[in-house]
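Student: This structure is in structure tokens; I'll ask about it shortly.
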Protein chains: 2
Amino acid sequence: MTITIKLKAKVFDITAEVPVSVLHELDARKIDAGYLSRIEVNVGKQKETCILDTSLTFVEEGTIGFFKNTADQLKVKDGVIVEINLLPPTKSIAYITNKIKNKSLLKEEVYEIVKDIEENKITAVELSSFVTACYVNGLSLEESTYLCNALIEAGDLLDYGKKEILDKHSIGGINGRVSLILTPIISSLGYFMPKTASRSISSAAGTADCMEALAPVGFTLPEIKKILEKTGAVIAWEGKFDLCPVDNTIIKIEHALSINPEGIMIASILSKKKSAGATHLVIDIPVGSKMKVKDKESAERLARKLITVSKSLGIKTRALLTDGEEPCGRAFGAMLEAREAMRILEGRYFDNLANKSCLLAGELLELAGRAKEGEGFNLAKDTITSGKALLKMQEIIKAQGGVISSSEQLKDAKFKKEIFATTMEGKIEGWDMEILTKLARTAGAPEDKEAGVLLCRYVGETIKKGDKVLEIYSNSQDKLSYAEKYLRENYPLRFESIILEEIE
Amino acid sequence: MTITIKLKAKVFDITAEVPVSVLHELDARKIDAGYLSRIEVNVGKQKETCILDTSLTFVEEGTIGFFKNTADQLKVKDGVIVEINLLPPTKSIAYITNKIKNKSLLKEEVYEIVKDIEENKITAVELSSFVTACYVNGLSLEESTYLCNALIEAGDLLDYGKKEILDKHSIGGINGRVSLILTPIISSLGYFMPKTASRSISSAAGTADCMEALAPVGFTLPEIKKILEKTGAVIAWEGKFDLCPVDNTIIKIEHALSINPEGIMIASILSKKKSAGATHLVIDIPVGSKMKVKDKESAERLARKLITVSKSLGIKTRALLTDGEEPCGRAFGAMLEAREAMRILEGRYFDNLANKSCLLAGELLELAGRAKEGEGFNLAKDTITSGKALLKMQEIIKAQGGVISSSEQLKDAKFKKEIFATTMEGKIEGWDMEILTKLARTAGAPEDKEAGVLLCRYVGETIKKGDKVLEIYSNSQDKLSYAEKYLRENYPLRFESIILEEIE
């Protein structure tokens, strides 16, 4: 039995992603509907499903409000009479309720939810509830796998006509641009490597931000294919194209709520990799008290899950637990981290960042059968020593439209502040990653590409009074002062024997 | 360190309850903000905190979109340049995250969340996550008590200058209008009883819907006070005034998600009662497989919680577990249930609805010290037998502006369908409450006040072939046909020995 009522339309001059219509609460009651109910709107031969917002003040009784895109769809203008009736609840809402009540989701249920997100049939309020329920109740490995496959099917699948596509992913949270070193290493050995990268969310710089210090990173999919055909590799910002739109919708809600349910994270990472065509994958899991993954046990559990789901997708995968307790390299900030990667490729030094890059590249080469077990690291390192990786990086930068070919071309920010040890000295036990990241961000990173922090000493080294501890860079004198002030209130250094009471 | 950027304003001609502004994602990134970040908008001397929505298409880069009320607040017109900067995350969002992570909330944290809901500083997306987290992780009794007190403080507190105010609440889900019988009973004994009532959400009729068949129910608080001064009692729809606006905001989200976390429900019920001034309260908890509370153990647990929180608010409270397995009385539908209540007050019969009303009234009278333990029921029943309760009900109806004084004045719906047993007979073991409710709603309840279902036999009675089983009423011939069709597909009767294969 369907109750239909007639209402006068009122069009609001804005568009909304989800087709929303607004009813007076008393009108909503007439058709047994409420906030977020689904209704069918009929006018002439036009028909549209809308999600309901209800209000006592937004529209008068007898009137229904439409956003511009819905009104256009329905060919409705102000004052036109439309008919509406309540639709039965969408199935995916019932499935979300199941997850809230800690029932496992079946494959078709997960697919239904993803389909409805894709078709804008779920509101942010409902999605928020789903993400929260996934966080609290967790997703089983089966559910994660369903979600991953559903995300892949809802997005584009890149096909380069290549048999082997190598890729790397980091769970993130640490500085040091492994991808800027590993991509040219792998690619210089003849492998196809389309590296899609994100920008910073809370770090000093994301891989896309760093690469942008060397070359443009925003490309459409056809542009990416062209670059790949030319060089076999690309390091592109994933925000310009949209391989997995549903995933991005979910991530938007996760960011807003500051939660990242593991089961969704696994599906999200691997769907992006599969969509980008990966056949071989190495995953870097930094483990540290300030990282996303806090301890070895959690890291191993996560690694096992990632490998299981990845295997089911036909991707050969290895996961590596890496040190997330100490800085990787010395730089925090887009240009500074990019310059560091270039310097390593130029063979100027071989630090823990270079080591980690070769370790991960080595695993990938072993996985792809290019190197015997235990020999991948040396093969990777050889591409640096021989200059092959640098040549490849220069080629990639050029293909992406960049003009940088050497670390020398990368200029410092306008303002710089050197920080010296004045009262304390000793052997460095550790740096506080969180404080260093905040310091770089206070100086202007990641928006200010040249802003950031450069450490002058590694862990294990000794600092004496008068020694330079670190340098802060910024293109804004104000921000540099703020950064200095922040540093005075937050000590980033731990000493093995003595405590630094004051810097400078 | 605050990053400020300048943008051109664009005003949308609609209002939003929460002050929202819309930024291009690239502009949001410039100030390190994202979806649902809080920003400060400055223009001249005007300043406003807005919640951010981000989009790639909604506004162009360099432009910020405002809804009309925010634009008015800021005195901003299209094209005006405004300055924005990111604000630190609100504390209540961090507290919501704590609840998601299953940490107990402190008193000040609960108060902060309620304050932010009250001041429209929390979005529906965030509230959805909070409600979901409360459902999955639960609230402790302490947290419920904090929430209850915070809701009370955020709303209006009614003060009638009376020492004793008696009240009754039902957890709901069952037919039979106890409040329409109990209120005049209590009030006829000289007690003050301002009964606030809700409309139906999923039942055939709410108490407010039923009372509306007898008299108007929508009153402002001053009007309610006036009626109370005249008669000592009122049965008013709680939707017209807004004692606990924050509670209603939360309930809107609960309905949208179809979840009702127990810890919030307890706070919600008791905050409304305390705000309405209750000093003595009886709570009816119907227990049944189709009720909100499914079994005796859950009911007892809930009762203990309600009494504990209630006690802390200074309300003397008893909870009664009642039969929610079988219909209470014979009617489903606003007018039909109202007429049934009137008939009981008129002394025409004394069924299980009358019995339950006197039981609950009796408990309340014992609680208030008017009757000795075990004598409340008889005192309540006496007010019916003596006609005192009916007189009081007539007085209440008149004071609320109604013209009904007898059940005889209540006229049937235009159309009626009588359903007879044609193939089956036997002793009735039970009625399916869910089917009866849906049947009444299919016939037009609660929107159609006269629509509904009247049972012709009680549980335990025998039906023979040719006997009338039930009657369906509707003011729409179409809806009546739909109801008949529904009934043909859904059997509401269970027999002790034989199964009814077909009705009519």
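Student: Each label point is 7 Å from the Cα along the Cα-to-Cβ direction; what then is the distance between the points at residue A:458 and residue B:462, in nm?
Tutor: Computed distance between label sites residue A:458 and residue B:462 equals 9.7 nm.
Student: Between residue B:240 and residue B:378, what is the spin-label point distance in nm, taking each point 7 Å from the Cα along the Cα→C-beta axis?
Tutor: 4.0
Student: Moving to a separate point now. What accessible area, in Å² to the nearest ten, does a 1.4 Å probe give for residue A:247?
Tutor: 0
Student: Pull out a ≥ b ≥ c, the square roots of the eigenvalues of the alpha-carbon gyration tensor of region A:277-372, then state rounded if a/c is under 1.5, prolate if not and a/b is larger than b/c, and oblate in the remaining case.
Tutor: The shape class here is oblate.
Student: Continuing with the same structure: With only Lys, Arg, Asp and Glu charged, each at its Cβ (+1 for the first two, -1 for the last two), find how big the charge dipole of the protein assembly as shown is about the Cα centre; round to the nearest 20 debye. Intermediate results must be reported in sequence, preceding the final value.
Tutor: Details: 138 positive and 146 negative charges, 27 e Å.
The dipole magnitude comes to about 140 debye.
Student: Continuing with this model, one more query. Label region B:410-478 by shape, choosing from rounded, prolate and oblate, from the square roots a ≥ b ≥ c of the eigenvalues of the Cα gyration tensor; if a/c is under 1.5 it is rounded, and otherwise prolate applies when a/b is larger than b/c, oblate when it is not.
Tutor: Prolate is the answer for region B:410-478, as a/c is 1.5 or above and a/b outweighs b/c.
Student: I would also like to ask the following. Residues with amide H under 5 Å of residue A:12's amide H, sequence separation 5 or more or different chain, H placed in the peptide plane at 1.01 Å from N; which?
Tutor: The answer is A:66, A:67, A:68.
Student: What lysines does residue B:427 reach when the alpha-carbon gap must be under 28 Å and sequence neighbours fewer than 8 apart in one chain are set aside?
Tutor: Output for residue B:427: B:290, B:292, B:294, B:296, B:356, B:416, B:417, B:438, B:464, B:465, B:468, B:485.
Student: Where the label is 7 Å out from Cα toward Cβ, how close does residue A:229 come to the same position in every other copy, in nm, shortest first?
Tutor: For residue A:229, the other copies' label points sit at 8.7 nm, shortest first.
Student: If eta is 0.692 mPa s and T is 37 °C, what Stokes-Einstein diffusion coefficient results for region B:321-366, Kirkwood Rh from Cα pairs, in µm²/s?
Tutor: Details: Rh = 11.3 Å.
Answer from the Stokes-Einstein relation: 290 µm²/s.
Student: Calculate what fraction, in whole %, of the accessible area of region B:237-345 sits on carbon and sulfur atoms when a 1.4 Å probe is rolled over the protein chains. It would help to have the intermediate numbers written out before the result.
Tutor: Numbers: 1820 of 3550 Å².
Ligands and nucleic acids excluded, carbon and sulfur reach 51 percent.
Student: Obtain the nm distance between the two label points defined at residue A:494 and residue B:391 by a simple spin-label model: each point lies 7 Å from its Cα along the Cα-to-C-beta direction.
Tutor: 8.3
Student: Restricting to chain A, compute how many DSSP beta bridges are antiparallel as a %, nearest 5. Don't skip to the answer; put the middle values down first.
Tutor: Numbers: 36 of 66 bridges.
Among the beta bridges of chain A, antiparallel pairing accounts for roughly 55 percent.
Student: So how tilted is helix A:376-385 from the main axis of chain A? Cα-based, degrees 0 to 90, rounded to 10.
Tutor: The angle comes out at about 70 degrees.
Student: Whose amide H sits under 5 Å from the amide H of residue B:420, counting only residues 5 or more places off or on another chain, with H placed in the peptide plane?
Tutor: B:469, B:504
Student: Taking R0 as 25 Å, what FRET efficiency do you get between residue A:15 and residue A:85 from their Cβ-Cβ distance, rounded to the nearest 0.05?
Tutor: That pair, residue A:15 with residue A:85, gives E of 0.55.
Student: A follow-up question, please. Restricting to DSSP loop positions (anything but H, G, I, E, B) with no more than 16 other Cβ atoms inside 10 Å of their own Cβ, which GluC sites (Glu not before Pro) remain in region B:134-240?
Tutor: B:164
Student: Next question, about the same structure. DSSP loop (so not H, G, I, E, B), at most 16 other Cβ within 10 Å: list which trypsin sites (Lys or Arg not before Pro) in region B:1-105 pass both filters.
Tutor: On the way: sites: B:6, B:8, B:10, B:29, B:30, B:38, B:45, B:47, B:68, B:75, B:77, B:91, B:99, B:101, B:103; in loops: B:45, B:75, B:77, B:101, B:103.
In loop regions of region B:1-105 (DSSP not H, G, I, E or B), the sparsely surrounded trypsin sites (Lys or Arg not before Pro) are B:45, B:75, B:77, B:101, B:103.
Student: Next question, about the same structure. Whenever you get a sec, compute what percent of the accessible area on region B:362-504 sits on carbon and sulfur atoms (1.4 Å probe).
Tutor: 48
Student: Charges at C-beta only: +1 for Lys and Arg, -1 for Asp and Glu. How large is the resulting dipole of region B:17-156 about its Cα centre, in Debye rounded to 20?
Tutor: Details: 15 positive and 23 negative charges, 43 e Å.
Dipole of region B:17-156, to the nearest 20 debye: 200 debye.
Student: Under the classification rounded if a/c is under 1.5, otherwise prolate if a/b is larger than b/c and oblate if not, where does region B:363-504 fall, given a ≥ b ≥ c as square roots of the Cα gyration tensor eigenvalues? Let's see the in-between values first.
Tutor: Working: a/c = 2.72, a/b = 1.50, b/c = 1.81.
Cα axes put region B:363-504 in the oblate bin.
Student: Of the DSSP beta bridges with both residues in the protein assembly as shown, give the percent that are antiparallel, rounding to the nearest 5. Before the final figure, lay out each step's value.
Tutor: Working: 72 of 132 bridges.
Once the DSSP bridges in the protein assembly as shown are tallied, antiparallel ones form about 55 percent.
Student: Right, another one. Efficiency by 1/(1 + (r/R0)^6): what FRET value for residue A:481 and residue B:47, r their Cβ-Cβ distance, R0 = 30 Å, to the nearest 0.05?
Tutor: Working: r = 25 Å, r/R0 = 0.82.
Efficiency, rounded to the nearest 0.05: 0.75.
Student: Given an 8 Å cut-off on Cα distances and at least 6 residues of separation, report the relative contact order of chain A as a percent.
Tutor: Dividing the mean separation by the residue count of chain A yields 13 percent.
Student: Something else about it: With a sphere of radius 12 Å drawn around the Cβ of residue B:227, what net charge do the other residues whose Cβ falls strictly inside it have (Lys, Arg +1; Asp, Glu -1)?
Tutor: That works out to +2.
Student: Also, quick follow-up: Determine the principal axes of the Cα atoms in chain B, then give the extent along each, sorted from largest to smallest and rounded to whole angstroms.
Tutor: 81, 52, 44
Student: Further question: Just to confirm, what accessible area per residue do you get for chain B at 1.4 Å probe, in whole Å²?
Tutor: Ligands and nucleic acids excluded, the figure is 40 Å² per residue.
Student: Let me ask something else about it. Can you list the GluC sites (Glu not before Pro) in region B:46-91 that are in a DSSP coil and have 15 or fewer other beta carbons within 10 angstrom?
Tutor: Those that pass, being in a loop and sparsely packed, are B:60, B:61.
Student: If we count every other residue with Cβ under 12 angstrom of residue B:148's Cβ, Lys/Arg +1 and Asp/Glu -1, where does the sum land?
Tutor: Working: positive: B:107, B:272, B:273, B:274, B:305, B:311; negative: B:142, B:143, B:153, B:247.
Here the count lands on +2.
Student: Output wanted: per-residue J couplings in Hz (rounded whole) for region B:278-292, from phi through Karplus 6.51 cos²θ - 1.76 cosθ + 1.60, θ = phi - 60°, x for Gly and Pro.
Tutor: 4, 10, 10, 9, 10, 10, 9, 10, x, 10, x, 5, 9, 8, 4
Student: Over 20 Å between Cα atoms, which of A:195/A:226; A:6/B:240; A:162/A:225 qualify?
Tutor: Values: A:195/A:226 14 Å; A:6/B:240 24 Å; A:162/A:225 12 Å.
Too far apart for the 20 Å limit: A:6/B:240.
Student: Still on this structure: Name the residue farthest towards the positive end of the dipole of the protein assembly as shown from the options B:74, A:268, A:345, assuming +1 on Cβ of Lys and Arg, -1 on Cβ of Asp and Glu, about the Cα centre.
Tutor: Highest projection toward the positive end goes to B:74.
Student: List, in the order given, every pair from B:273/B:372; A:99/A:274; A:115/B:8 whose Cα-Cα distance in the structure shown is over 28 Å. Write out the running numbers ahead of the final one.
Tutor: Numbers: B:273/B:372 25 Å; A:99/A:274 26 Å; A:115/B:8 37 Å.
The pairs that break the limit, which is 28 Å between Cα atoms, are A:115/B:8.
Student: Okay, moving on. Using a 1.4 Å probe over the heavy atoms of the protein chains, calculate the carbon and sulfur portion of the accessible area of region A:124-236 as a whole percent.
Tutor: 48
Student: Another question about this same structure. Using a simple charge model, +1 on the beta-carbon of Lys and Arg, -1 on the beta-carbon of Asp and Glu, nothing else, what dipole does region B:356-474 show about its Cα centre, in debye to the nearest 20?
Tutor: So the magnitude is around 280 debye.
Student: Suppose we flag chymotrypsin sites (Phe, Trp or Tyr not before Pro) only when DSSP calls them loop and at most 14 other Cβ atoms lie within 10 Å. Which is the longest uninterrupted stretch of chain B?
Tutor: Counting at most 14 other Cβ atoms within 10 Å as exposed, the longest clean stretch of chain B is B:1-348.
Student: Here is a follow-up. Name the residue from A:460, A:324, A:487 whose Cα lies farthest towards the positive end of the charge dipole of the protein assembly as shown, charges +1 on Cβ of Lys and Arg and -1 on Cβ of Asp and Glu.
Tutor: A:487
Student: Looking at B:239, B:176, A:367, which one has the Cα that reaches farthest to the positive end of the dipole of the protein assembly as shown (charges on Cβ: Lys, Arg +1; Asp, Glu -1)?
Tutor: Selected residue: B:239.
Student: So what is the calculated 222 nm ellipticity per residue for chain A, using -39500 (n - 2.57) for each DSSP H run with n of 4 or more, over all residues, to the nearest 500 deg cm²/dmol?
Tutor: After summing the helix terms and dividing by the residues of chain A, the value is -12500 deg cm²/dmol.
Student: Something else now. How large is ³J(HN,Hα), in whole Hz, for each residue of region A:389-400 in order, when computed from phi with the Karplus curve 6.51 cos²θ - 1.76 cosθ + 1.60 and θ = phi - 60°, using x for Gly and Pro?
Tutor: After applying 6.51 cos²θ - 1.76 cosθ + 1.60, I find 5, 5, 4, 5, 5, 4, 4, 5, 4, 5, 4, 7 Hz.
Student: Roughly how much accessible area, to the nearest 100 Å², goes out of reach of solvent when B and A pair up, both sides summed, probe 1.4 Å? Don't jump to the answer; show the numbers that get you there.
Tutor: On the way: alone 22360 and 22380 Å², together 40690 Å².
Buried area (both sides, nearest 100 Å²): 4000 Å².
Student: Can you list the lysines whose alpha carbon is less than 18 Å from that of residue B:414, not counting same-chain residues fewer than 8 positions off?
Tutor: B:449, B:479
Student: I'd like the FRET efficiency for residue A:294 and residue B:351, computed as 1/(1 + (r/R0)^6) with the beta carbon distance as r and R0 of 51 Å, rounded to 0.05.
Tutor: Details: r = 63 Å, r/R0 = 1.24.
Step by step, r from the Cβ atoms, then E = 0.20.
The values are calculated or read from the model by the stated rules, or taken from the named source; none is laboratory data. As the structure is a computational prediction, the values presented were derived from the model and not from experiment. Virtual Cβ from ideal backbone geometry, glycine too; neighbours counted across all protein chains shown. In case anyone asks, the SASA skips ligands and DNA or RNA and just uses the protein heavy atoms, side chains included. Shrake-Rupley method; radii C 1.70, N 1.55, O 1.52, S 1.80 Å.
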